[in-house]
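Following: one structure in structure tokens, then a few remarks.
The values are calculated or read from the model by the stated rules, or taken from the named source; none is laboratory data. No experiment lies behind these values; they were computed from the predicted model shown. Cβ placement follows ideal geometry from the backbone for every residue including glycine, while neighbour counts extend to all protein chains displayed. All accessible areas refer to the heavy atoms of the entire protein, side chains included, with ligands and DNA or RNA removed. Shrake-Rupley method; radii C 1.70, N 1.55, O 1.52, S 1.80 Å.
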Amino acid sequence: MPKSSAQQRALIVGAGIAGLASAWWLERAGWDVLVVERAPSFRAGGYMIDFFGPGHEVARRMGLLPALERRRAPISSVTSVDSRGRKRSEISTAAYEAVADGVISLLRGDLAEVIRDDLRSPIRYGATVSAVDDGRVTFADGSVGEFDLVVGADGAHSKVRELVFGPDAEFVRYLGHHTAAFSFRDVELSARIGYRYQMLTVPHRMIGCYAVRDGSMAALMLYRSESPELPANPAAALRARFGDLGWVAPELLSVVPDDVYYDEVSQVDVPVWHRGKVVLVGDAGGAVSLFAGHGASLAMTGAHVLAEELAAGFDGAFDRYQARVKPVVEHTQEFGRRFIGWMAPASRWRISVRDMAFRLSGLPVVRNLIRGSVTPDVDGVLTPSAPAGTAS
Ligand SMILES: Cc1cc2nc3c(=O)[nH]c(=O)nc-3n(C[C@H](O)[C@H](O)[C@H](O)COP(=O)(O)OP(=O)(O)OC[C@H]3O[C@@H](n4cnc5c(N)ncnc54)[C@H](O)[C@@H]3O)c2cc1C
């Protein structure tokens, strides 16, 4: 084991939120960092996330909050509509902010870009790993490298996890739903929908969209499916599932791109996040799912805590990192499973109850109830103040 993190080589697999944040913290701690990313180039945009909790504090410590604020989406409300587009209920952003302290709504790609723009380490796109033997890594192009640390930050379907820890079946918990997200440009529809997250919910299905910027739109779909198996043609599957719905569903379904983000909704639970020189960060070791909604925040948190513990000494660092972060991840996962009924209600009655809660969200007593429902307790995972030398 290395005596200190200085001059050591780290390989980070995956240039998502966890990978980029890990690179950011490790390079500042003196590591020589290489990031490899399977995608051929940086993927901008994506879906909207609500970014708050400990990840928000980590972003503050990184000095990134001003840049994130500039990317903040001006969403004014979450609005539930009926099949003719008429408002059923609404929760204003102000009411939401009251239950989710400091929340910034922004595109996942914008968060990633802000971190990437503040990195010095090289990112090799179109690259991945084909074998990991402790610190000895074989890349897909056949080249081999030796590293003191290998960070698996390659998301819920992690290749590093499969190579080092075992098959997906051992670690992935399917939550009974499929989801899809994509963005597209449509100036007229964008103006019609506006900066409101509008959604149509029928039992077991939800379709939503909102204006992003410059005449662009983002769409999100969620539906119940007994099987986690993904369809060969996601666009066709979405048309089959949502084709009978009114409102703007036909317009959204007519522009589903070939590279639509489409996935099963699942959580990842790996009992031990490290083996030898390999450690998992973010969704790779502990995806909480979109139902929990804190994945990006926890990915940032994990990256920061890992670097902090490595700086305190390599020996035992992975155990200390896991001991701090995993309880929070498990707590959030449990919360996410309870939240399924809010995002994808199973009956008309449950949809009405949710809409009623939206309508009453201005009342303090209801806000407190919603706060308990949308914000898992994540206190205590971070050290009280920023370590010396970090931005504040
Ligand atoms: C629809 C939706 C809504 C969400 N809403 C929220 C929200 O409101 N708030 C929130 O905090 N979180 C939210 N999340 C969760 C959040 O997006 C994820 O938890 C977070 O992005 C996890 O970061 P990550 O870096 O671990 O994984 P990812 O962001 O998935 O990044 C993994 C990266 O690894 C790359 N990769 C994959 N395989 C390989 C490989 N073999 N080799 C090299 N690279 C590879 C991928 O291309 C990707 O760039 C949402 C997720 C979804 C799907």
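For this structure, a couple of remarks:
- For region 24-32, the condition holds for at least one residue, the condition being that it is among the aliphatic types (A, V, I, L, M) and more than 8 Å from the ligand (Cβ to nearest atom).
Here is a yes/no grid of residues against (1) in contact (Cβ under 8 Å) with a residue 60 or more places away in the chain; (2) at negative phi:
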{"site": "Asp214", "(1), (2)": "no, no"}
{"site": "Asn233", "(1), (2)": "no, yes"}
{"site": "Trp247", "(1), (2)": "yes, no"}
{"site": "Trp273", "(1), (2)": "no, yes"}
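- First in region 20-39 and hydroxyl-bearing (Ser, Thr, Tyr), second anywhere and surrounded by 19 or more Cβ atoms within 10 Å (Cβ to Cβ), Cβ under 6 Å, 6 or more apart: Ser22/Ile12; Ser22/Val151; Ser22/Ala153; Ser22/Val281; Ser22/Ala303
- In the set Gly46, Gly85, Gly63, only one residue is more than 9 Å from the ligand (Cβ to nearest atom), within 22 Å of the chain's Cα centre (by Cα), on the phi > 0 side of the Ramachandran plot and not β-branched (Val, Ile, Thr); that residue is Gly63.
- Restricting attention to region 146-155, the residues that are more than 14 Å from the ligand (Cβ to nearest atom) and either part of a strand (DSSP E or B) or out of contact with any strand residue (DSSP E or B) (no Cβ under 6 Å at 6 or more places or on another chain) (or both) total 2.
- Within region 36-55, being assigned to a strand (DSSP E or B), open to solvent by 20 Å² or more (accessible area, probe 1.4 Å) and more than 22 Å from Val325 (Cα to Cα) holds for Glu37, Met48.
Quick grid of which residues meet (1) open to solvent by 10 Å² or more (accessible area, probe 1.4 Å); (2) in a strand (DSSP E or B); (3) more than 16 Å from the ligand (Cβ to nearest atom):
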residue: Glu57; (1), (2), (3): yes, no, no
residue: Pro74; (1), (2), (3): yes, no, yes
residue: Gly109; (1), (2), (3): no, no, no
residue: Ile115; (1), (2), (3): no, no, no
residue: Leu119; (1), (2), (3): yes, no, no
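- From the list Ser183, Ser158, the one residue that fits, being within 17 Å of Asp283 (Cβ to Cβ) and either among the hydroxyl-bearing types (Ser, Thr, Tyr) or more than 13 Å from the ligand (Cβ to nearest atom) (or both), is Ser158.
- Output for region 129-140, where each listed residue is open to solvent by less than 40 Å² (accessible area, probe 1.4 Å) and not in a strand (DSSP E or B): Gly135
- Residue match in region 4-17 (condition: within 23 Å of Gly295 (Cα to Cα), polar (S, T, N, Q) and either open to solvent by 50 Å² or more (accessible area, probe 1.4 Å) or at pLDDT below 95 (or both)): no
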